[in-house]
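The values are calculated or read from the model by the stated rules, or taken from the named source; none is laboratory data. Not measured: the values here are computed from a predicted model. Every residue, glycine among them, receives a Cβ derived from its backbone with ideal geometry; neighbour counts consider all protein chains shown.
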Amino acid sequence: MIRFRVLIAAVLTCIAFSALAEEAIVLGLNQSEVSISTNFNGSEIIIFGAVKREEPIPEGPELEVVVTVSGPSAPVTVRRKEKTFGIWVNTAAVEVDRAPSFYAVATSGPLQDVLSRTEDLRYKISVPRAIRSVGAPMDIKDSAAFSDALIRIRSDANQYQLDEAGVSVDEQTLFRATVQLPASLIEGDYNTRIFLTRGGSVVAQYGTLIDVRKVGLERWLYNLSRENALLYGLMSLAIAIAAGWGASAIFSALRR
Amino acid sequence: MQIYLPIAELSVNAFLLLGLGGIVGVLSGMFGVGGGFLITPLLFFIGIPPAVAVATGANQIVASSFSALLVHLKRKTVDLRMGSVLLAGGLVGAAAGVTIFNYLKSLGQVDLLVNLCYVVFLGIIGGLMLVESLNAMYKTRTGKRPPRKKHTWIQKLPFKMRFRVTGLYISVIPPLLVGAFVGLLAAIMGVGGGFIMVPAMIYLLGMPTKVVVGTSLFQIIFVAAFTTMLHATTNYTVDIVLAVLLLIGGVIGAQFGTTLGTKLKAEQLRILLALLVLIVCGKLALDLLLQPAELYSVGFKS
(Lines give C-alpha, C1' and ligand atoms only; values in the text may rest on other atoms or scores of the structure.)
Protein backbone atom coordinates (compact mmCIF):
# COMPACT_ATOMS: atom_id res chain seq x y z
CA MET A 1 0.00 0.00 0.00
CA ILE A 2 2.74 2.37 0.97
CA ARG A 3 4.71 1.45 -2.13
CA PHE A 4 1.65 2.17 -4.25
CA ARG A 5 1.34 5.67 -2.75
CA VAL A 6 4.99 6.41 -3.39
CA LEU A 7 4.53 5.30 -6.95
CA ILE A 8 1.58 7.64 -7.46
CA ALA A 9 3.53 10.48 -5.93
CA ALA A 10 6.44 9.74 -8.21
CA VAL A 11 4.22 9.68 -11.28
CA LEU A 12 2.56 12.95 -10.27
CA THR A 13 5.92 14.70 -9.79
CA CYS A 14 6.97 13.47 -13.20
CA ILE A 15 3.87 14.91 -14.81
CA ALA A 16 4.31 18.24 -13.02
CA PHE A 17 7.93 18.34 -14.07
CA SER A 18 7.25 17.52 -17.63
CA ALA A 19 4.48 20.11 -17.76
CA LEU A 20 6.95 22.73 -16.65
CA ALA A 21 9.85 21.55 -18.73
CA GLU A 22 7.81 20.96 -21.86
CA GLU A 23 7.95 24.55 -23.01
CA ALA A 24 10.40 27.19 -21.81
CA ILE A 25 10.95 30.82 -22.74
CA VAL A 26 14.10 32.19 -24.32
CA LEU A 27 13.94 35.96 -24.10
CA GLY A 28 15.48 38.99 -25.70
CA LEU A 29 14.99 42.70 -25.03
CA ASN A 30 15.94 45.55 -27.31
CA GLN A 31 17.14 47.38 -24.21
CA SER A 32 17.55 46.23 -20.64
CA GLU A 33 18.18 49.82 -19.54
CA VAL A 34 16.18 52.96 -20.14
CA SER A 35 18.11 56.20 -19.60
CA ILE A 36 16.12 59.28 -18.69
CA SER A 37 18.01 62.25 -20.05
CA THR A 38 16.84 65.86 -20.29
CA ASN A 39 15.17 65.34 -23.65
CA PHE A 40 13.61 61.99 -22.70
CA ASN A 41 10.34 61.62 -24.53
CA GLY A 42 9.16 58.14 -23.75
CA SER A 43 10.68 54.92 -24.92
CA GLU A 44 9.59 51.80 -26.74
CA ILE A 45 10.61 48.46 -25.37
CA ILE A 46 10.57 45.50 -27.67
CA ILE A 47 10.28 42.17 -25.93
CA PHE A 48 10.92 39.20 -28.20
CA GLY A 49 11.66 35.57 -27.67
CA ALA A 50 11.15 32.01 -28.61
CA VAL A 51 9.58 28.96 -27.04
CA LYS A 52 12.09 26.20 -26.49
CA ARG A 53 10.76 22.66 -26.48
CA GLU A 54 12.24 19.17 -26.72
CA GLU A 55 9.08 17.67 -28.19
CA PRO A 56 6.73 18.58 -31.02
CA ILE A 57 4.11 21.29 -30.42
CA PRO A 58 1.48 19.84 -28.05
CA GLU A 59 -1.99 19.20 -29.39
CA GLY A 60 -4.99 21.15 -28.11
CA PRO A 61 -5.49 24.89 -27.60
CA GLU A 62 -3.02 27.24 -29.23
CA LEU A 63 -0.15 28.83 -27.41
CA GLU A 64 -0.85 32.36 -26.21
CA VAL A 65 1.56 34.91 -24.72
CA VAL A 66 0.99 37.53 -22.04
CA VAL A 67 3.60 40.19 -21.27
CA THR A 68 3.45 42.56 -18.27
CA VAL A 69 5.74 45.48 -17.41
CA SER A 70 5.37 46.97 -13.97
CA GLY A 71 6.97 50.13 -12.57
CA PRO A 72 7.85 50.78 -8.94
CA SER A 73 4.86 50.52 -6.62
CA ALA A 74 3.80 52.99 -3.95
CA PRO A 75 0.83 53.34 -1.63
CA VAL A 76 -1.65 55.94 -2.87
CA THR A 77 -4.73 57.63 -1.47
CA VAL A 78 -7.83 57.87 -3.63
CA ARG A 79 -10.19 60.65 -2.55
CA ARG A 80 -13.76 61.29 -3.58
CA LYS A 81 -15.49 64.66 -3.69
CA GLU A 82 -19.01 65.17 -2.46
CA LYS A 83 -21.24 68.20 -2.36
CA THR A 84 -21.28 69.55 1.18
CA PHE A 85 -22.85 72.92 2.07
CA GLY A 86 -23.03 73.78 -1.62
CA ILE A 87 -19.37 73.20 -2.47
CA TRP A 88 -17.45 70.15 -3.67
CA VAL A 89 -15.23 68.82 -0.93
CA ASN A 90 -13.08 65.70 -0.54
CA THR A 91 -15.06 63.60 1.89
CA ALA A 92 -14.17 59.94 1.54
CA ALA A 93 -10.68 58.50 1.11
CA VAL A 94 -9.49 54.95 0.49
CA GLU A 95 -5.87 53.97 0.76
CA VAL A 96 -4.59 51.62 -1.88
CA ASP A 97 -1.83 49.64 -0.29
CA ARG A 98 0.25 49.14 -3.39
CA ALA A 99 -0.25 50.57 -6.84
CA PRO A 100 2.40 50.43 -9.58
CA SER A 101 3.35 53.81 -11.02
CA PHE A 102 3.27 52.18 -14.46
CA TYR A 103 1.67 48.92 -15.55
CA ALA A 104 1.27 47.54 -19.03
CA VAL A 105 -0.31 44.27 -20.11
CA ALA A 106 0.13 43.07 -23.67
CA THR A 107 -1.52 39.86 -24.84
CA SER A 108 -1.80 37.87 -28.02
CA GLY A 109 -5.61 37.80 -27.83
CA PRO A 110 -8.58 38.98 -25.73
CA LEU A 111 -7.52 38.74 -22.08
CA GLN A 112 -10.49 36.61 -20.99
CA ASP A 113 -9.69 34.00 -23.65
CA VAL A 114 -5.96 33.97 -23.04
CA LEU A 115 -6.09 33.82 -19.27
CA SER A 116 -8.55 32.16 -16.89
CA ARG A 117 -9.76 34.06 -13.85
CA THR A 118 -8.07 31.71 -11.43
CA GLU A 119 -4.73 32.01 -13.16
CA ASP A 120 -5.12 35.80 -13.23
CA LEU A 121 -5.74 35.78 -9.47
CA ARG A 122 -2.77 33.54 -8.89
CA TYR A 123 -0.22 35.46 -10.95
CA LYS A 124 -1.81 38.93 -10.54
CA ILE A 125 -1.62 39.71 -14.25
CA SER A 126 -4.50 41.99 -15.25
CA VAL A 127 -4.49 45.65 -14.19
CA PRO A 128 -7.12 45.32 -11.40
CA ARG A 129 -5.23 42.35 -9.96
CA ALA A 130 -1.90 44.17 -10.02
CA ILE A 131 -3.24 46.73 -7.55
CA ARG A 132 -3.38 45.61 -3.99
CA SER A 133 -6.06 47.31 -1.96
CA VAL A 134 -6.52 46.74 1.73
CA GLY A 135 -9.81 47.16 3.49
CA ALA A 136 -11.50 50.53 3.13
CA PRO A 137 -12.72 52.37 6.25
CA MET A 138 -15.94 50.99 7.77
CA ASP A 139 -18.11 53.85 6.54
CA ILE A 140 -17.22 53.30 2.86
CA LYS A 141 -19.34 50.57 1.32
CA ASP A 142 -18.35 50.94 -2.32
CA SER A 143 -14.57 50.64 -2.02
CA ALA A 144 -14.44 48.99 -5.46
CA ALA A 145 -15.44 52.34 -6.98
CA PHE A 146 -12.22 53.81 -5.60
CA SER A 147 -9.90 51.23 -7.17
CA ASP A 148 -11.91 51.54 -10.41
CA ALA A 149 -11.33 55.29 -10.28
CA LEU A 150 -7.60 54.78 -9.76
CA ILE A 151 -7.43 52.53 -12.82
CA ARG A 152 -9.55 54.96 -14.85
CA ILE A 153 -7.41 58.01 -13.95
CA ARG A 154 -4.12 56.23 -14.58
CA SER A 155 -5.36 54.61 -17.80
CA ASP A 156 -6.35 58.06 -19.09
CA ALA A 157 -2.82 59.22 -18.34
CA ASN A 158 -1.47 56.21 -20.25
CA GLN A 159 0.16 54.94 -17.06
CA TYR A 160 -1.93 51.76 -17.12
CA GLN A 161 -2.23 50.02 -20.46
CA LEU A 162 -3.97 46.95 -21.74
CA ASP A 163 -3.14 46.00 -25.30
CA GLU A 164 -5.01 42.87 -26.34
CA ALA A 165 -3.19 42.66 -29.64
CA GLY A 166 0.19 43.75 -28.39
CA VAL A 167 1.90 40.39 -28.79
CA SER A 168 2.31 38.64 -32.11
CA VAL A 169 2.99 34.90 -32.09
CA ASP A 170 4.42 33.00 -35.09
CA GLU A 171 4.09 29.25 -35.48
CA GLN A 172 3.48 28.95 -31.73
CA THR A 173 7.21 29.48 -31.29
CA LEU A 174 8.33 33.04 -31.90
CA PHE A 175 6.71 35.97 -30.14
CA ARG A 176 7.23 39.68 -30.11
CA ALA A 177 5.67 42.47 -28.03
CA THR A 178 6.13 46.23 -27.91
CA VAL A 179 5.43 48.26 -24.80
CA GLN A 180 5.33 52.02 -25.04
CA LEU A 181 6.81 53.69 -21.95
CA PRO A 182 5.34 57.19 -21.51
CA ALA A 183 7.46 60.32 -21.21
CA SER A 184 6.45 60.80 -17.60
CA LEU A 185 8.35 57.87 -16.20
CA ILE A 186 9.53 57.33 -12.65
CA GLU A 187 12.92 55.72 -12.23
CA GLY A 188 13.34 52.28 -10.71
CA ASP A 189 13.33 48.61 -11.58
CA TYR A 190 10.62 47.72 -14.08
CA ASN A 191 9.62 44.14 -13.51
CA THR A 192 8.90 42.41 -16.81
CA ARG A 193 7.06 39.08 -16.87
CA ILE A 194 6.22 36.81 -19.77
CA PHE A 195 3.61 34.07 -19.47
CA LEU A 196 2.87 31.30 -21.93
CA THR A 197 -0.68 30.04 -21.68
CA ARG A 198 -2.70 27.23 -23.20
CA GLY A 199 -6.46 27.14 -22.78
CA GLY A 200 -6.25 29.85 -20.14
CA SER A 201 -3.68 28.19 -17.91
CA VAL A 202 -0.10 29.30 -17.51
CA VAL A 203 2.33 26.69 -18.83
CA ALA A 204 5.56 28.64 -18.47
CA GLN A 205 6.72 31.97 -17.13
CA TYR A 206 9.82 34.08 -17.19
CA GLY A 207 10.79 37.30 -15.39
CA THR A 208 13.44 39.94 -15.90
CA LEU A 209 14.13 43.52 -14.83
CA ILE A 210 14.41 46.62 -16.96
CA ASP A 211 16.50 49.29 -15.29
CA VAL A 212 15.05 52.78 -15.69
CA ARG A 213 17.50 55.44 -14.49
CA LYS A 214 18.01 59.15 -14.76
CA VAL A 215 21.35 59.98 -16.33
CA GLY A 216 23.61 63.00 -16.77
CA LEU A 217 22.24 66.34 -15.64
CA GLU A 218 18.96 64.81 -14.46
CA ARG A 219 20.84 62.37 -12.23
CA TRP A 220 23.14 65.07 -10.86
CA LEU A 221 20.33 67.53 -10.04
CA TYR A 222 18.17 64.88 -8.45
CA ASN A 223 21.02 63.66 -6.23
CA LEU A 224 21.99 67.18 -5.27
CA SER A 225 18.42 68.06 -4.27
CA ARG A 226 18.30 65.08 -1.91
CA GLU A 227 21.81 64.94 -0.56
CA ASN A 228 22.68 68.61 -0.39
CA ALA A 229 19.34 70.37 -0.18
CA LEU A 230 20.70 73.61 1.24
CA LEU A 231 23.17 74.05 -1.60
CA TYR A 232 20.50 73.09 -4.12
CA GLY A 233 18.11 75.70 -2.69
CA LEU A 234 20.79 78.39 -2.72
CA MET A 235 21.67 77.43 -6.29
CA SER A 236 18.02 77.79 -7.34
CA LEU A 237 17.91 81.25 -5.77
CA ALA A 238 21.23 82.25 -7.33
CA ILE A 239 19.97 81.25 -10.77
CA ALA A 240 16.76 83.20 -10.17
CA ILE A 241 18.62 86.35 -9.08
CA ALA A 242 21.16 86.05 -11.90
CA ALA A 243 18.43 85.60 -14.51
CA GLY A 244 16.50 88.58 -13.13
CA TRP A 245 19.60 90.76 -13.13
CA GLY A 246 20.72 89.52 -16.53
CA ALA A 247 17.39 90.29 -18.19
CA SER A 248 17.35 93.73 -16.64
CA ALA A 249 20.92 94.47 -17.79
CA ILE A 250 20.25 93.25 -21.33
CA PHE A 251 17.06 95.25 -21.64
CA SER A 252 18.59 98.48 -20.37
CA ALA A 253 21.46 98.00 -22.81
CA LEU A 254 18.96 97.49 -25.63
CA ARG A 255 17.01 100.63 -24.70
CA ARG A 256 20.11 102.82 -24.86
CA MET B 1 10.27 70.33 -27.54
CA GLN B 2 9.67 67.99 -24.66
CA ILE B 3 11.87 68.22 -21.61
CA TYR B 4 12.07 65.87 -18.64
CA LEU B 5 11.84 67.49 -15.21
CA PRO B 6 14.13 65.71 -12.72
CA ILE B 7 12.18 66.46 -9.53
CA ALA B 8 8.62 66.48 -10.84
CA GLU B 9 9.51 63.29 -12.77
CA LEU B 10 7.52 64.05 -15.85
CA SER B 11 8.03 65.36 -19.32
CA VAL B 12 6.55 68.69 -20.44
CA ASN B 13 6.70 71.02 -23.41
CA ALA B 14 9.48 73.57 -22.93
CA PHE B 15 7.79 76.29 -25.01
CA LEU B 16 4.58 75.98 -23.01
CA LEU B 17 6.55 76.69 -19.83
CA LEU B 18 8.44 79.60 -21.43
CA GLY B 19 5.14 81.15 -22.49
CA LEU B 20 3.57 80.60 -19.10
CA GLY B 21 6.54 82.25 -17.41
CA GLY B 22 6.37 85.13 -19.87
CA ILE B 23 2.71 85.92 -19.21
CA VAL B 24 3.20 85.86 -15.48
CA GLY B 25 6.34 87.99 -15.85
CA VAL B 26 4.44 90.71 -17.73
CA LEU B 27 1.83 90.84 -14.96
CA SER B 28 4.53 90.87 -12.33
CA GLY B 29 6.24 93.88 -13.85
CA MET B 30 2.99 95.72 -14.52
CA PHE B 31 1.26 95.30 -11.20
CA GLY B 32 3.98 94.46 -8.72
CA VAL B 33 2.39 91.15 -7.91
CA GLY B 34 4.70 88.17 -7.84
CA GLY B 35 2.21 86.20 -9.89
CA GLY B 36 2.10 83.27 -7.50
CA PHE B 37 -1.69 83.28 -7.46
CA LEU B 38 -1.57 82.74 -11.24
CA ILE B 39 1.43 80.50 -11.76
CA THR B 40 0.57 77.94 -9.12
CA PRO B 41 -2.93 77.11 -10.47
CA LEU B 42 -1.56 77.16 -14.04
CA LEU B 43 1.12 74.63 -13.16
CA PHE B 44 -1.52 72.40 -11.52
CA PHE B 45 -3.45 72.63 -14.74
CA ILE B 46 -0.61 71.30 -16.91
CA GLY B 47 -0.14 68.37 -14.55
CA ILE B 48 2.78 69.39 -12.30
CA PRO B 49 2.33 67.83 -8.85
CA PRO B 50 0.97 70.50 -6.44
CA ALA B 51 3.92 70.33 -4.01
CA VAL B 52 6.41 70.90 -6.84
CA ALA B 53 4.25 73.65 -8.36
CA VAL B 54 4.05 75.63 -5.11
CA ALA B 55 7.77 75.35 -4.35
CA THR B 56 9.02 76.03 -7.87
CA GLY B 57 6.51 78.85 -8.32
CA ALA B 58 8.13 80.59 -5.36
CA ASN B 59 11.55 80.32 -6.99
CA GLN B 60 10.24 81.72 -10.26
CA ILE B 61 8.69 84.65 -8.41
CA VAL B 62 12.13 85.56 -7.01
CA ALA B 63 13.49 85.84 -10.54
CA SER B 64 10.69 87.84 -12.18
CA SER B 65 10.30 90.12 -9.15
CA PHE B 66 14.03 90.80 -9.03
CA SER B 67 14.06 91.63 -12.72
CA ALA B 68 11.18 94.07 -12.26
CA LEU B 69 12.60 95.51 -9.02
CA LEU B 70 15.82 96.57 -10.77
CA VAL B 71 13.78 98.68 -13.18
CA HIS B 72 11.92 100.29 -10.29
CA LEU B 73 15.15 100.91 -8.38
CA LYS B 74 16.57 102.77 -11.37
CA ARG B 75 13.38 104.81 -11.53
CA LYS B 76 13.57 105.44 -7.78
CA THR B 77 10.08 104.15 -7.17
CA VAL B 78 11.03 101.83 -4.31
CA ASP B 79 10.69 102.88 -0.69
CA LEU B 80 13.37 100.69 0.85
CA ARG B 81 12.57 101.88 4.34
CA MET B 82 8.87 101.06 4.04
CA GLY B 83 9.79 97.78 2.34
CA SER B 84 12.03 96.77 5.23
CA VAL B 85 9.34 97.54 7.82
CA LEU B 86 6.79 95.51 5.82
CA LEU B 87 9.29 92.69 5.44
CA ALA B 88 10.01 92.54 9.17
CA GLY B 89 6.30 92.07 9.79
CA GLY B 90 6.06 89.70 6.83
CA LEU B 91 8.66 87.22 8.06
CA VAL B 92 7.00 87.00 11.48
CA GLY B 93 3.66 86.45 9.77
CA ALA B 94 5.10 83.85 7.39
CA ALA B 95 6.60 81.84 10.25
CA ALA B 96 3.23 81.84 12.02
CA GLY B 97 1.53 80.97 8.72
CA VAL B 98 3.71 77.89 8.18
CA THR B 99 2.82 76.65 11.66
CA ILE B 100 -0.90 77.12 10.96
CA PHE B 101 -0.51 75.46 7.56
CA ASN B 102 1.08 72.35 9.06
CA TYR B 103 -1.65 72.20 11.70
CA LEU B 104 -4.36 72.33 9.03
CA LYS B 105 -2.50 69.70 7.04
CA SER B 106 -2.64 67.35 10.02
CA LEU B 107 -6.42 67.81 10.03
CA GLY B 108 -6.68 67.06 6.29
CA GLN B 109 -8.79 69.37 4.09
CA VAL B 110 -5.95 71.82 3.65
CA ASP B 111 -6.69 72.08 -0.09
CA LEU B 112 -10.21 73.20 0.60
CA LEU B 113 -9.09 75.83 3.10
CA VAL B 114 -6.46 77.15 0.71
CA ASN B 115 -9.08 77.37 -2.05
CA LEU B 116 -11.58 79.09 0.21
CA CYS B 117 -8.86 81.55 1.28
CA TYR B 118 -8.20 82.32 -2.36
CA VAL B 119 -11.84 82.82 -3.25
CA VAL B 120 -12.61 85.00 -0.24
CA PHE B 121 -9.53 87.22 -0.40
CA LEU B 122 -9.35 87.51 -4.17
CA GLY B 123 -13.07 88.29 -4.23
CA ILE B 124 -12.94 90.98 -1.54
CA ILE B 125 -9.76 92.65 -2.82
CA GLY B 126 -10.73 92.48 -6.48
CA GLY B 127 -14.22 93.82 -5.78
CA LEU B 128 -13.06 96.69 -3.58
CA MET B 129 -10.33 97.71 -5.97
CA LEU B 130 -12.61 97.67 -8.96
CA VAL B 131 -15.25 99.84 -7.28
CA GLU B 132 -12.68 102.28 -5.92
CA SER B 133 -10.72 102.70 -9.13
CA LEU B 134 -13.87 103.08 -11.20
CA ASN B 135 -14.97 105.81 -8.81
CA ALA B 136 -11.59 107.51 -9.03
CA MET B 137 -11.69 107.39 -12.79
CA TYR B 138 -15.21 108.82 -12.86
CA LYS B 139 -14.11 111.67 -10.60
CA THR B 140 -11.08 112.59 -12.70
CA ARG B 141 -13.30 112.55 -15.78
CA THR B 142 -15.84 114.92 -14.24
CA GLY B 143 -13.04 117.14 -12.95
CA LYS B 144 -13.77 116.72 -9.25
CA ARG B 145 -10.73 116.55 -7.03
CA PRO B 146 -10.47 113.47 -4.86
CA PRO B 147 -11.17 114.33 -1.22
CA ARG B 148 -8.14 114.92 0.95
CA LYS B 149 -7.17 112.02 3.15
CA LYS B 150 -8.83 112.28 6.51
CA HIS B 151 -6.83 112.12 9.69
CA THR B 152 -7.84 108.86 11.27
CA TRP B 153 -6.76 106.89 14.30
CA ILE B 154 -3.78 105.67 12.28
CA GLN B 155 -2.22 109.12 12.56
CA LYS B 156 -2.47 109.03 16.36
CA LEU B 157 -0.33 105.91 16.86
CA PRO B 158 3.14 106.21 18.40
CA PHE B 159 6.58 105.27 16.89
CA LYS B 160 6.23 107.58 13.93
CA MET B 161 8.71 107.28 11.11
CA ARG B 162 9.31 109.40 8.05
CA PHE B 163 9.14 107.57 4.73
CA ARG B 164 10.68 110.02 2.28
CA VAL B 165 10.07 108.22 -0.99
CA THR B 166 6.46 107.55 -0.09
CA GLY B 167 6.00 110.99 1.37
CA LEU B 168 4.39 109.72 4.54
CA TYR B 169 5.02 110.39 8.19
CA ILE B 170 3.21 107.61 9.99
CA SER B 171 3.58 105.17 12.84
CA VAL B 172 5.42 101.91 12.03
CA ILE B 173 2.66 99.85 13.66
CA PRO B 174 0.23 99.77 10.67
CA PRO B 175 2.93 98.72 8.13
CA LEU B 176 4.20 96.05 10.54
CA LEU B 177 0.68 94.70 10.99
CA VAL B 178 -0.03 94.79 7.25
CA GLY B 179 3.25 92.97 6.62
CA ALA B 180 2.52 90.32 9.23
CA PHE B 181 -1.00 89.75 7.94
CA VAL B 182 0.17 89.42 4.36
CA GLY B 183 3.00 87.11 5.43
CA LEU B 184 0.52 84.92 7.28
CA LEU B 185 -1.83 84.62 4.31
CA ALA B 186 1.08 84.18 1.90
CA ALA B 187 2.41 81.20 3.81
CA ILE B 188 -1.01 79.56 4.03
CA MET B 189 -1.85 80.19 0.39
CA GLY B 190 1.63 79.48 -0.94
CA VAL B 191 2.07 82.81 -2.74
CA GLY B 192 4.24 85.91 -2.38
CA GLY B 193 1.24 87.97 -1.29
CA GLY B 194 1.62 90.87 -3.71
CA PHE B 195 -2.03 90.85 -4.65
CA ILE B 196 -2.93 91.51 -1.02
CA MET B 197 0.06 93.76 -0.31
CA VAL B 198 -0.55 96.18 -3.19
CA PRO B 199 -4.12 97.13 -2.24
CA ALA B 200 -3.23 97.12 1.47
CA MET B 201 -0.50 99.68 0.83
CA ILE B 202 -2.76 101.83 -1.33
CA TYR B 203 -5.88 101.77 0.80
CA LEU B 204 -4.69 101.11 4.34
CA LEU B 205 -1.41 103.00 4.36
CA GLY B 206 -2.33 105.57 1.73
CA MET B 207 0.82 105.13 -0.35
CA PRO B 208 0.94 106.46 -3.95
CA THR B 209 0.41 103.72 -6.55
CA LYS B 210 3.71 104.36 -8.36
CA VAL B 211 5.77 103.63 -5.23
CA VAL B 212 3.59 100.74 -4.16
CA VAL B 213 4.59 98.43 -7.01
CA GLY B 214 8.36 98.67 -6.46
CA THR B 215 8.06 98.44 -2.69
CA SER B 216 5.81 95.41 -2.92
CA LEU B 217 8.30 93.70 -5.27
CA PHE B 218 11.11 94.38 -2.80
CA GLN B 219 9.20 92.67 -0.02
CA ILE B 220 8.01 89.77 -2.22
CA ILE B 221 11.55 88.78 -3.23
CA PHE B 222 12.50 88.08 0.35
CA VAL B 223 9.31 86.25 1.25
CA ALA B 224 9.54 84.09 -1.90
CA ALA B 225 13.24 83.35 -1.34
CA PHE B 226 12.44 82.31 2.23
CA THR B 227 9.67 80.01 0.98
CA THR B 228 11.93 78.50 -1.71
CA MET B 229 14.61 77.60 0.81
CA LEU B 230 12.02 76.15 3.18
CA HIS B 231 10.60 73.90 0.46
CA ALA B 232 14.01 72.92 -0.93
CA THR B 233 15.35 71.81 2.42
CA THR B 234 12.28 70.15 3.91
CA ASN B 235 10.17 68.78 1.06
CA TYR B 236 12.77 68.55 -1.76
CA THR B 237 10.16 69.87 -4.17
CA VAL B 238 11.96 72.72 -5.98
CA ASP B 239 12.45 71.62 -9.58
CA ILE B 240 15.34 73.66 -10.91
CA VAL B 241 14.77 72.72 -14.57
CA LEU B 242 11.12 73.77 -14.34
CA ALA B 243 12.19 76.96 -12.56
CA VAL B 244 14.77 77.86 -15.21
CA LEU B 245 12.23 77.45 -18.02
CA LEU B 246 9.64 79.53 -16.20
CA LEU B 247 12.07 82.24 -15.23
CA ILE B 248 13.58 82.72 -18.65
CA GLY B 249 10.08 83.60 -19.80
CA GLY B 250 9.42 85.41 -16.56
CA VAL B 251 12.34 87.85 -16.51
CA ILE B 252 11.79 88.87 -20.14
CA GLY B 253 8.09 89.30 -19.51
CA ALA B 254 8.77 91.38 -16.42
CA GLN B 255 10.85 93.86 -18.42
CA PHE B 256 8.01 94.37 -20.89
CA GLY B 257 5.54 94.55 -18.02
CA THR B 258 7.30 97.43 -16.26
CA THR B 259 7.47 99.42 -19.48
CA LEU B 260 3.82 98.74 -20.14
CA GLY B 261 2.95 99.72 -16.57
CA THR B 262 4.48 103.20 -16.93
CA LYS B 263 2.37 103.87 -20.02
CA LEU B 264 -0.90 103.30 -18.19
CA LYS B 265 -2.59 105.60 -15.71
CA ALA B 266 -2.69 104.54 -12.08
CA GLU B 267 -6.46 104.03 -12.16
CA GLN B 268 -6.31 101.97 -15.33
CA LEU B 269 -3.58 99.84 -13.79
CA ARG B 270 -5.74 99.25 -10.74
CA ILE B 271 -8.82 98.39 -12.78
CA LEU B 272 -6.84 95.83 -14.79
CA LEU B 273 -5.38 94.24 -11.68
CA ALA B 274 -8.84 94.17 -10.09
CA LEU B 275 -10.30 92.43 -13.14
CA LEU B 276 -7.47 89.90 -13.20
CA VAL B 277 -7.94 89.11 -9.52
CA LEU B 278 -11.70 88.73 -10.02
CA ILE B 279 -11.24 86.37 -12.99
CA VAL B 280 -8.99 84.05 -10.99
CA CYS B 281 -11.40 84.27 -8.08
CA GLY B 282 -14.34 83.38 -10.33
CA LYS B 283 -12.52 80.40 -11.78
CA LEU B 284 -11.68 79.03 -8.33
CA ALA B 285 -15.21 79.65 -7.09
CA LEU B 286 -16.66 77.76 -10.06
CA ASP B 287 -14.34 74.83 -9.33
CA LEU B 288 -15.81 74.64 -5.85
CA LEU B 289 -19.43 75.12 -6.93
CA LEU B 290 -19.73 73.06 -10.12
CA GLN B 291 -19.64 69.30 -10.17
CA PRO B 292 -16.16 68.23 -11.28
CA ALA B 293 -15.87 65.89 -14.27
CA GLU B 294 -13.82 63.47 -12.20
CA LEU B 295 -15.00 63.09 -8.62
CA TYR B 296 -12.01 61.02 -7.63
CA SER B 297 -8.43 62.12 -7.26
CA VAL B 298 -5.25 60.15 -6.70
CA GLY B 299 -2.69 61.41 -4.22
CA PHE B 300 0.33 59.96 -2.59
CA LYS B 301 -0.03 58.84 0.97
CA SER B 302 1.13 61.67 3.19
When every residue in the stretch B:1-25 that is assigned to a loop (DSSP other than H, G, I, E, B) and in contact with an Asp or Glu (Cβ under 7 Å, 6 or more places away or on another chain) is compared, the one surrounded by the most Cβ atoms within 10 Å (Cβ to Cβ) is B:Ile7
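Out of the residues in the stretch B:266-302 that are among the charged types (D, E, K, R), in contact (Cβ under 8 Å) with a residue 40 or more places away in the chain and surrounded by fewer than 18 Cβ atoms within 10 Å (Cβ to Cβ), which is nearest to the other protein chains (Cβ to nearest Cβ)?
B:Asp287
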Condition broken by B:Thr77, with the remaining ones in (1) away from chain A (no Cβ under 11 Å); (2) assigned to a helix (DSSP H, G or I); (3) farther than 17 Å from B:Leu5 by Cα satisfied: (2)
Answer yes if at least one residue in the stretch B:101-116 is at pLDDT 80 or above, within 23 Å of B:Leu273 (Cβ to Cβ) and either assigned to a helix (DSSP H, G or I) or within 14 Å of chain A (Cβ to nearest Cβ) (or both), and no otherwise. yes
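Conditions (1) of a type in the set (Gly, Ala, Ser); (2) exposed (fewer than 15 other Cβ atoms within 10 Å of the Cβ); (3) within 7 Å of chain B (Cβ to nearest Cβ), marked per residue:
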residue: A:Pro182; (1), (2), (3): no, no, no
residue: A:Arg193; (1), (2), (3): no, no, no
residue: A:Ala229; (1), (2), (3): yes, no, yes
residue: A:Gly233; (1), (2), (3): yes, no, yes
residue: A:Ser236; (1), (2), (3): yes, no, yes
residue: A:Ile241; (1), (2), (3): no, no, yes
residue: A:Gly244; (1), (2), (3): yes, no, yes
residue: A:Ala247; (1), (2), (3): yes, no, yes
residue: A:Ile250; (1), (2), (3): no, yes, no
Within the stretch B:226-235, restricting attention to residues that are in a helix (DSSP H, G or I) and surrounded by fewer than 23 Cβ atoms within 10 Å (Cβ to Cβ), which residue is nearest to the chain's Cα centre (by Cα)? B:Phe226
Out of all the residues in the stretch B:236-255, is one or more away from chain A (no Cβ under 14 Å), surrounded by 19 or more Cβ atoms within 10 Å (Cβ to Cβ) and either closer than 26 Å to B:Arg164 by Cα or in contact with a Phe, Trp or Tyr (Cβ under 6 Å, 6 or more places away or on another chain) (or both)? no
Within the bounds of the stretch A:208-216, is there any residue that is in contact (Cβ under 8 Å) with a residue 40 or more places away in the chain and assigned to a helix (DSSP H, G or I)? yes
Is at least one residue of the stretch A:126-136 within 30 Å of B:Thr228 (Cβ to Cβ) and in contact with a Phe, Trp or Tyr (Cβ under 9 Å, 6 or more places away or on another chain)? no
Here, helices (runs of 4 or more DSSP H) confined to the stretch A:40-138 with at least 3 residues that are modelled with pLDDT of 85 or more and out of contact with any strand residue (DSSP E or B) (no Cβ under 6 Å at 6 or more places or on another chain) are A:111-114, A:117-123
